[in-house]
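A quick write-up on the structure given underneath.
The values are calculated or read from the model by the stated rules, or taken from the named source; none is laboratory data. If you're wondering where the values come from, they're calculated on a predicted model, not measured in any experiment. Glycine gets a Cβ as well: all are built from the backbone with ideal geometry, and neighbour counts include every protein chain shown. The area values use the complete protein model at the heavy-atom level, side chains included, leaving out ligands, DNA and RNA. Shrake-Rupley method; radii C 1.70, N 1.55, O 1.52, S 1.80 Å.
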Amino acid sequence: MYEPKEQRPKRAWKHLAVILAAAFAVVILRPWSAGATPCPPKGSVIVVDTADGVLTMCANGEARQTRRVAIGRGGAGKTRRGDNKSPLGDYRLGNPRPSKRFGTFIPLGYPTATQRKRGYTGSAVGVHGPDRRVRWAGPLNTLVNWTQGCIAVRSDDAVTQIAAWVKLHKVRLISLR
């Protein structure tokens, strides 16, 4: 039956809104690995599970804080400059420093000496906050992998807490999967 344009219900928009809300809940609010902790039994480290998009601050086998992250838009397994991938491995973390583009930047010791011998290239890789232009987006900053190979958290508060953890515990970063 034909309904004049003025009388047609706006069902399509309502359905689209429900679908988008459900997608938002699945992607943004989904719980991450609630199983075994990724933390090693001793020491303080930061573990990044690139497959799940989760950063965990660990102390003596216990997860102290967990954060969602975005990694390189090319995924994980960095081997060369410009591949837009985040590195996998065990890295030292440098001193956190201010960044005009990301608020705070925590340098990652990539590539290691062993990786350099294997021909890995790249620099300026680290953990940082959201891009200054979109920091207002909060959780949306970790919705998709968007960096050029770094590990990004959703807010300035998150990167400030991670920076404090790095300074206090002199931790290293372990990037998995």
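Looking across the stretch 131-177, just one residue is among the charged types (D, E, K, R), assigned to a loop (DSSP other than H, G, I, E, B) and touching a Phe, Trp or Tyr at 6+ places or on another chain (Cβ under 9 Å), and that is Asp131.
For the stretch 51-130, the strands (runs of 3 or more DSSP E) that sit wholly inside it and include 1 or more residues that are open to solvent by 20 Å² or more (accessible area, probe 1.4 Å) are 62-70, 89-92, 97-99, 103-107. Restricting the first member to the stretch 48-75 and to residues that are within 11 Å of Ser86 (Cα to Cα), and the second to residues that are among the aromatic types (Phe, Trp, Tyr), the beta-carbon pairs closer than 6 Å and six or more apart or on different chains are Ala70/Trp146; Arg73/Trp146.
This table checks each residue for (1) open to solvent by less than 70 Å² (accessible area, probe 1.4 Å); (2) aliphatic (A, V, I, L, M); (3) under 13 Å from the mean Cα position of the chain (by Cα).
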position	(1), (2), (3)
Gln148	no, no, yes
Val153	yes, yes, yes
Leu168	no, yes, no
Val171	yes, yes, no
Leu176	yes, yes, yes
